[in-house]
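Contents: one structure, followed by commentary.
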Amino acid sequence: YDDPPGLHEKTEYLLREWVNMYHNASAGRDSTKAFTMFVHQMNVQGILKTDDLITRFFRLSTEMCTELCYRAFSDQSNPSPSLVRAKCFHTLDAYVRLITLLVKHSGDANNSLTKINLLHKVLGIVAGVLLRDHDFRSTEFQQLPYHRIFIMLFLELSAPEQVLESISVQVLNAFCNTLHILQPSKAPGFAYAWLELVSHRVFLGKMLVLTPQQRAWGMYAQLLIDMFKFLAPFLRNVELPKQIQLLYKGTLRVLLVLLHDFPEFLCDYHYGFCDVIPPNCIQMRNLILSAFPRHMRLPDPFTPNLKVDLLPEITQAPRVLTNFASMIQPANFKKDLDSYINSRSPVTFLSELRSNLQVSNEPGMRYNIPLINALVLYVGTQAISHIQTKGQAPSMGTITHSSHMDIFQNLAVDLDTEGRYLFLNAITNQLRYPNSHTHYFSCTLLYLFAEANTEAIQEQITRVLLERLIVNRPHPWGLLVTFIELIKNPTFKFWNHEFVRCAPEIEKLFDSVARSCM
Amino acid sequence: MVMDQFGMVGLLTFIRAAESDNSLVSLALGSDLTTLGLNLNSPEKLYSNFGGPWAEQPCRPQDIDYHVPSEYLINQNIRDKLASIKLNRYGEDLLFFLFYMFSGDILQLSAAAELYSREWRFHKDERVWITRAPGMVPAEKTGTYERGTYYFFDAANWRKVAKEFHLEYDRLEERPHIPQAFPYN
Amino acid sequence: PLTKNCFFQSQMLEASSQHMPHPSDSERLRLYFPRNLCPTPSYYPQS
C-alpha cells in the first residue's frame, strides 16, 4: 500500500490516544469534548490533509483494531469469552464513536454529501479489510470485530438526532451496499454475523417501517435474495450439514418475523424470492407465498361451496415489484412470444418453445428456471388483461381457446418430466391470497388437469400440489383452494387415477385431506 | 406412472428417505415453525424485540438499548466506584424483580438462592414462590407434607397472597445451585 | 453436484459456526448488569 513512512506509528499513537480519551470521564457528552481535542491532534499529525491519508488512516486503524481482537482471542490468560469481548469492545466501540463523530461533523452541518461520502468510504474500507482478512486467514477468520464495528456504527448513526435523521435513507443505502458486497456467497465466514446484522431489530425497523414510502424495501429484498442465492445449492442438493441447517433455520426465523410483521413486503417481492429459492425448498417458499395483506380477511378454504370468483379481491391484480417481463431473454424470443400472443404467429413458436427454455442436457439442470417463471407469469398476466379487456373475468370458461392457453397446453404436453415439473411449479407459485393472478393460475392448473392428454400430466400436477401440502404449515390460501376443488369436483375424476393409490402413505394423505375438506 | 424424481413415486421416495435421514426432513416435510421461539399469534409486532436469527427467545426489556442521554450510561471509569451487586442487601421486592426479569441468566439463579435463604421455597408444579405465613404453625404436619396458611408471591399482581395449602415437601425445589460462571467484570 | 466453491463456503461456514455471534455483540457494553446466560430449571419462568 506504499504507506508513507511513519504513518503506521502515527496512526497507532492516535488510535491509542483516542481510546484513552474516549473512556476518560472528561470525554464529555457523547465524547464531543474529547473529539474536539482529538481532531486538533489529527490535524497536527497531518492525517486530515488529503483524502488519501484519511483513507490510509482508516484502513490502518481498522487493521489495528481487528488485530487487537485476534490477539485477545488467542490470549490464553483470558478464559472468559465475556472478558475477551469486553476487551475487544473497549477499543472497537471507541473506534466506532470516532467514525460516527467524523461523519457527523464532516463538512457543514447541512452538507449531507460529505458526510455520506465519508461513511461510504469508511464502510468500504472496513469491508475491504474484512474480505482480505477472510481470504488470508480462511477458517481462522473471526467475524466478531467486523460485526461489532458494523452494528455499533449503524446504531450510533440511527440515534434520534437531527443531523442523522436528515441522512437516514442514505445511511441505510450505504449499509445495504456494504452488506451486499459482503453477502454470504462472497464472505461465507461472515454469514452468521451478516444475517444477524440484516435481521437486527433496529435495522428491520429502519428498513421496513421508518423509511417513508417503503423506499428501503427494494434494498432489503435484495439482501434476502443474496441469502437465498447462497443457500440455494445446498438446499437443492439437500446437503444440509449442521452449519447450513443453522443458517437455514435462522433465515426461517427472519422470514417468520417478516410474515408476521410485514406480509405486504413478502407479497410484493415473492416473485424475486421464489425465483432463487430451489424448487425442493418447499416450506420456505410456502412461507413466502402464504403472506397476504393485513387488511384482507381470507375465507376458510374448506368452506363448502366457496364461490371464489365472487370474492371482491379476486379481480384485483397483486403488486409484483420484480420486472419479470425484462427477464424474458433473448429479445427476439420475447418478440416472437409477443407476436404469437397477439396473432398466433410465427406458427413455429410453439414447436421451438422447449428449446428456448432448455440450457443443458444435464439431468436436474436442463432448464432455465428464471426464464420459465418469467414466461409463465408474463403469459398469464397478458391473458388476464386480454380477458378483462373483453369485460370478462378469469374463469374455467374464459381462459380457454386463446393463444395464452395454447402456450400453456403446449408446455404441458411438449416438455419432459423435469421441464413440466418446473413449469407447473411456476404456475403453482402464483397460488397465493385472493387476487386475479391466484384465480387465473388456479383455473389454468385445473384446466390443464381436465384437458390433459396423458395421465403423466395429471400425475405431475398432483405431485406439485401434494408436495406443498404435506409440509408443515403455513400453506398458501390459493394452494388449498385449488387442491380442494381438484379433489371435490367430479369433473376432474380425481379419485379414478392410479397414482392416487400408488402407495399406502399417499392414499392415506389424500384421504386425510379429503376428510378435512368434507 | 412417472418413474423419475418428478412424479408421485419421486415424492414418495423422498418422503421415505426423509424418515431415516434427519437432514432431509427439514426440507421434505418442513419443521414446526411454531417451535422457533416466536410468538406468531402475538398482536404486537415481533421485530421490535426480535432476539435475532439464533435466539430461542425474544429480547428481554433490559436487552434492548434505548437512546438515553450519555450521562445515564455507566462510564468505564466510575464502574469500580459503584457498589458491587450483593443480593443479601436487597429487599424481597427487588429479589423477585431480578428473578422474574432475568430469566435464563445467572441473576435469576442468584435471586432464587437468596430467596431460598430467606425461607422462601419455589414450588415446581405451582411455579410460584411460597413461604409460611409468619406466626402461623401448620395445621397438620407429617414427614412428607404439611397443611396450613402460606404466602404465595403473585407475580402477575406483584403482591403476597395468603392461602390455605396442602404442601408436599418433594414438590419444593432444593437450594438452587449457582454454576461457576465467569463474571463480566 | 456442489461446486468446489460450495465446499469452500461450507467449510468456512463450519469454522465460523464455532464462534457464533453472541446477543451481547449487538448491545452496548453492559458494565453493571452484563448478560450472564446460563441454563435455569425448566420450571422457572423462561421469558
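Restricting region A:278-316 to residues that are of a type in the set (Val, Ile, Thr) and away from chain B (no Cβ under 11 Å), which is surrounded by the most Cβ atoms within 10 Å (Cβ to Cβ)? Lay out the reasoning, then the answer.
From region A:278-316, those of a type in the set (Val, Ile, Thr) are A:282, A:288, A:303, A:308, A:314-315; that's our starting set.
Cutting the leftovers down to away from chain B (no Cβ under 11 Å) gives us A:288, A:303, A:308, A:314-315.
On the way: A:Ile288: 25, A:Thr303: 11, A:Val308: 20, A:Ile314: 18, A:Thr315: 15.
Going through the qualifying residues, I end up with A:Ile288.
Could you check, for region A:21-33, whether at least one of its residues is among the small types (Gly, Ala, Ser), assigned to a helix (DSSP H, G or I) and touching a Gly at 6+ places or on another chain (Cβ under 8 Å)? First the steps, then the outcome.
Going through region A:21-33, the residues among the small types (Gly, Ala, Ser) turn out to be A:25-28, A:31.
Within this subset, residues satisfying the condition of being assigned to a helix (DSSP H, G or I) are A:25-27, A:31.
From what is left, the residues that are touching a Gly at 6+ places or on another chain (Cβ under 8 Å) are none.
The answer is no; no qualifying residue exists.
Would region B:54-69 turn up any residue that is hydroxyl-bearing (Ser, Thr, Tyr), assigned to a loop (DSSP other than H, G, I, E, B) and more than 7 Å from chain A (Cβ to nearest Cβ)? Spell out the reasoning first.
Let us first name the residues in region B:54-69 that are hydroxyl-bearing (Ser, Thr, Tyr), namely B:66.
In the following step, the residues that additionally are assigned to a loop (DSSP other than H, G, I, E, B) were identified as B:66.
Filter once more, so that each one left must be more than 7 Å from chain A (Cβ to nearest Cβ): B:66.
For region B:54-69, residues hydroxyl-bearing (Ser, Thr, Tyr), assigned to a loop (DSSP other than H, G, I, E, B) and more than 7 Å from chain A (Cβ to nearest Cβ): present.
Report yes if some residue within region C:4-24 is exposed (fewer than 14 other Cβ atoms within 10 Å of the Cβ), more than 18 Å from the chain's Cα centre (by Cα), closer than 30 Å to A:Ser138 by Cα and modelled with pLDDT under 85; otherwise report no.
No, region C:4-24 contains no residue that is exposed (fewer than 14 other Cβ atoms within 10 Å of the Cβ), more than 18 Å from the chain's Cα centre (by Cα), closer than 30 Å to A:Ser138 by Cα and modelled with pLDDT under 85.
Looking at (1) more than 30 Å from A:Leu208 (Cβ to Cβ); (2) exposed (fewer than 14 other Cβ atoms within 10 Å of the Cβ); (3) within 17 Å of the chain's Cα centre (by Cα), which is the one condition that is false for B:Arg79?
Condition (3) is where B:Arg79 drops out.
Applying the selection to region A:271-295, what residues are more than 22 Å from B:Thr34 (Cα to Cα) and part of a helix (DSSP H, G or I)?
Listed by number, the residues that qualify are A:Tyr271, A:Gly272, A:Phe273, A:Cys274, A:Asp275, A:Val276.
Quick one: A:Gly218 ticks every box in (1) facing another protein chain (nearest Cβ under 7 Å); (2) farther than 30 Å from A:Glu418 by Cβ bar one, so which box is it?
(1)
Report, by residue number, each residue of region A:68-99 that is away from chain B (no Cβ under 14 Å), more than 15 Å from C:His22 (Cβ to Cβ) and either part of a helix (DSSP H, G or I) or of a type in the set (A, V, I, L, M) (or both).
Kept after step one, since they are away from chain B (no Cβ under 14 Å), are these residues of region A:68-99: A:68-76, A:95, A:98-99.
If we keep only those that are more than 15 Å from C:His22 (Cβ to Cβ) too, we end up with A:68, A:70-71, A:74-76, A:95, A:98-99.
Within region A:68-99, A:Leu68, A:Tyr70, A:Arg71, A:Ser74, A:Tyr95, A:Leu98, A:Ile99 meet the criteria.
Among residues belonging to region A:304-337 that are without any contact (Cβ under 8 Å) to a residue 24 or more places away in the chain, within 17 Å of A:Pro394 (Cα to Cα) and outside any loop (DSSP other than H, G, I, E, B), point out the one that is nearest to the chain's Cα centre (by Cα).
First, the residues of region A:304-337 that are without any contact (Cβ under 8 Å) to a residue 24 or more places away in the chain: A:304-305, A:307, A:310, A:312, A:323, A:326, A:330-336.
Now restrict to residues that are within 17 Å of A:Pro394 (Cα to Cα): A:307, A:310, A:312.
Pick out the ones that are also outside any loop (DSSP other than H, G, I, E, B) and you get A:310, A:312.
On the way: A:Leu310: 34, A:Pro312: 30 Å.
Of everything passing the filter in region A:304-337, A:Pro312 is nearest to the chain's Cα centre (by Cα).
Restricting the first residue to region A:132-152 and requiring it to be more than 23 Å from A:Lys121 (Cβ to Cβ), which pairs with a second residue that is part of a loop (DSSP other than H, G, I, E, B) and of a type outside the set (Ser, Thr, Tyr) meet a Cβ separation below 6 Å and a spacing of at least six or different chains?
none
Quick one: in region A:378-411, of everything that is farther than 16 Å from A:Asn356 by Cβ, among the aliphatic types (A, V, I, L, M) and at pLDDT 95 or above, which residue is surrounded by the fewest Cβ atoms within 10 Å (Cβ to Cβ)?
A:Met405
Which ones in region A:281-303 are farther than 26 Å from A:Asn489 by Cβ, more than 16 Å from the chain's Cα centre (by Cα) and free of Cβ contacts under 8 Å to residues at least 60 places away in the same chain?
Selection gives A:Arg294, A:His295.
If A:Leu235 satisfies every condition in (1) assigned to a helix (DSSP H, G or I); (2) more than 7 Å from chain B (Cβ to nearest Cβ) but one, which is the exception?
A:Leu235 satisfies all of (1) assigned to a helix (DSSP H, G or I); (2) more than 7 Å from chain B (Cβ to nearest Cβ) except (2).
Would you check if B:Ser48 is surrounded by fewer than 19 Cβ atoms within 10 Å (Cβ to Cβ), within 7 Å of chain A (Cβ to nearest Cβ), farther than 30 Å from A:Phe499 by Cα and of a type in the set (Ser, Thr, Tyr)? Show your work before the answer.
Numbers: surrounded by fewer than 19 Cβ atoms within 10 Å (Cβ to Cβ): yes; within 7 Å of chain A (Cβ to nearest Cβ): yes; farther than 30 Å from A:Phe499 by Cα: yes; of a type in the set (Ser, Thr, Tyr): yes.
In short, yes.
Against the definition (facing another protein chain (nearest Cβ under 7 Å) and surrounded by 13 or more Cβ atoms within 10 Å (Cβ to Cβ)), how does B:Gly7 come out, yes or no?
Values: facing another protein chain (nearest Cβ under 7 Å): yes; surrounded by 13 or more Cβ atoms within 10 Å (Cβ to Cβ): yes.
It is true that B:Gly7 is facing another protein chain (nearest Cβ under 7 Å) and surrounded by 13 or more Cβ atoms within 10 Å (Cβ to Cβ).
Let me confirm something: among A:Val257, A:Val171, A:Val209, which residue is within 11 Å of chain B (Cβ to nearest Cβ), more than 28 Å from C:Thr3 (Cα to Cα), among the hydrophobic types (A, V, I, L, M, F, W, C) and crowded, with 19+ Cβ neighbours inside 10 Å?
On the way: A:Val171 fails: within 11 Å of chain B (Cβ to nearest Cβ); A:Val209 fails: crowded, with 19+ Cβ neighbours inside 10 Å.
So the residue among A:Val257, A:Val171, A:Val209 that is within 11 Å of chain B (Cβ to nearest Cβ), more than 28 Å from C:Thr3 (Cα to Cα), among the hydrophobic types (A, V, I, L, M, F, W, C) and crowded, with 19+ Cβ neighbours inside 10 Å is A:Val257.
Output the residue which, of all residues in region B:29-45 that are at the interface with another protein chain (Cβ under 7 Å from one of its Cβ atoms) and in a loop (DSSP other than H, G, I, E, B), is nearest to A:Leu210 (Cα to Cα).
Initial filter on region B:29-45 (at the interface with another protein chain (Cβ under 7 Å from one of its Cβ atoms)): B:29-33, B:36, B:38, B:40, B:45.
Remaining after also requiring in a loop (DSSP other than H, G, I, E, B): B:29-32, B:36, B:38, B:40, B:45.
Working: B:Leu29: 36, B:Gly30: 33, B:Ser31: 32, B:Asp32: 31, B:Leu36: 27, B:Leu38: 23, B:Leu40: 22, B:Lys45: 14 Å.
Among residues in region B:29-45 that are at the interface with another protein chain (Cβ under 7 Å from one of its Cβ atoms) and in a loop (DSSP other than H, G, I, E, B), the one nearest to A:Leu210 (Cα to Cα) is B:Lys45.
In region B:127-137, how many residues are loosely packed, with under 15 Cβ neighbours inside 10 Å and under 14 Å from B:His166 (Cβ atoms)?
Qualifying residue count for the region: 0.
Among the candidates B:Leu95, B:Leu82, single out the residue that is among the hydrophobic types (A, V, I, L, M, F, W, C), more than 18 Å from C:Asp25 (Cβ to Cβ) and modelled with pLDDT of 95 or more. Talk me through it step by step, then tell me what you get.
Values: B:Leu82 fails: modelled with pLDDT of 95 or more.
Answer to the check: B:Leu95.
Suppose we keep only residues that are assigned to a helix (DSSP H, G or I) and of a type in the set (Lys, Arg) within region A:459-518. Which one would you say is nearest to the other protein chains (Cβ to nearest Cβ)? Steps first, answer last, please.
Here is the first cut: in region A:459-518, the ones assigned to a helix (DSSP H, G or I) are A:459-469, A:477-488, A:490-492, A:494-496, A:498-501, A:504-517.
Subset that is of a type in the set (Lys, Arg): A:463, A:468, A:488, A:501, A:508, A:515.
Working: A:Arg463: 5, A:Arg468: 10, A:Lys488: 20, A:Arg501: 10, A:Lys508: 11, A:Arg515: 20 Å.
So, considering only residues that are assigned to a helix (DSSP H, G or I) and of a type in the set (Lys, Arg), the one nearest to the other protein chains (Cβ to nearest Cβ) is A:Arg463.
For every residue, the table says whether it meets (1) surrounded by 16 or more Cβ atoms within 10 Å (Cβ to Cβ); (2) in a loop (DSSP other than H, G, I, E, B); (3) of a type in the set (S, T, N, Q).
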site: A:Glu12; (1), (2), (3): no, no, no
site: A:Arg16; (1), (2), (3): no, no, no
site: A:Met42; (1), (2), (3): yes, no, no
site: A:Thr66; (1), (2), (3): yes, no, yes
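Matching residues to (1) surrounded by fewer than 23 Cβ atoms within 10 Å (Cβ to Cβ); (2) outside any helix (DSSP H, G or I):
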site: A:Leu118; (1), (2): yes, no
site: A:Lys121; (1), (2): yes, no
site: A:Leu131; (1), (2): yes, no
site: A:Arg148; (1), (2): no, no
site: A:Leu153; (1), (2): no, no
site: A:Lys186; (1), (2): yes, yes
site: A:Tyr192; (1), (2): no, no
site: A:Val202; (1), (2): yes, no
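Cβ-Cβ below 6 Å, separation at least six or inter-chain, first residue in region C:11-27 and facing another protein chain (nearest Cβ under 7 Å), second acidic (Asp, Glu): which pairs?
What qualifies is C:Pro21/A:Glu196; C:Glu27/B:Asp65.
So which residues in region A:67-81 are polar (S, T, N, Q) and more than 15 Å from A:Phe141 (Cβ to Cβ)? Break it down stepwise before answering.
Here is the first cut: in region A:67-81, the ones polar (S, T, N, Q) are A:74, A:76-78, A:80.
The answer is A:Gln76, A:Ser77, A:Asn78, A:Ser80.
Hey, could you check region B:129-185 for residues that are closer than 30 Å to A:Ser82 by Cα and among the hydrophobic types (A, V, I, L, M, F, W, C) and say which is modelled with the lowest pLDDT?
In this case the residue turns out to be B:Phe182.
Among the residues of region A:495-518, which ones are of a type in the set (S, T, N, Q) and surrounded by 14 or more Cβ atoms within 10 Å (Cβ to Cβ)? Steps first, please.
Step one: list which residues in region A:495-518 are of a type in the set (S, T, N, Q), which gives A:496, A:512, A:516.
Within region A:495-518, no residue meets the criteria.
The values are calculated or read from the model by the stated rules, or taken from the named source; none is laboratory data. Bear in mind the structure is a predicted one, so any value in this text is a computation, not a measurement. Cβ atoms come from the backbone with ideal geometry, glycine included; neighbour counts cover every protein chain shown.
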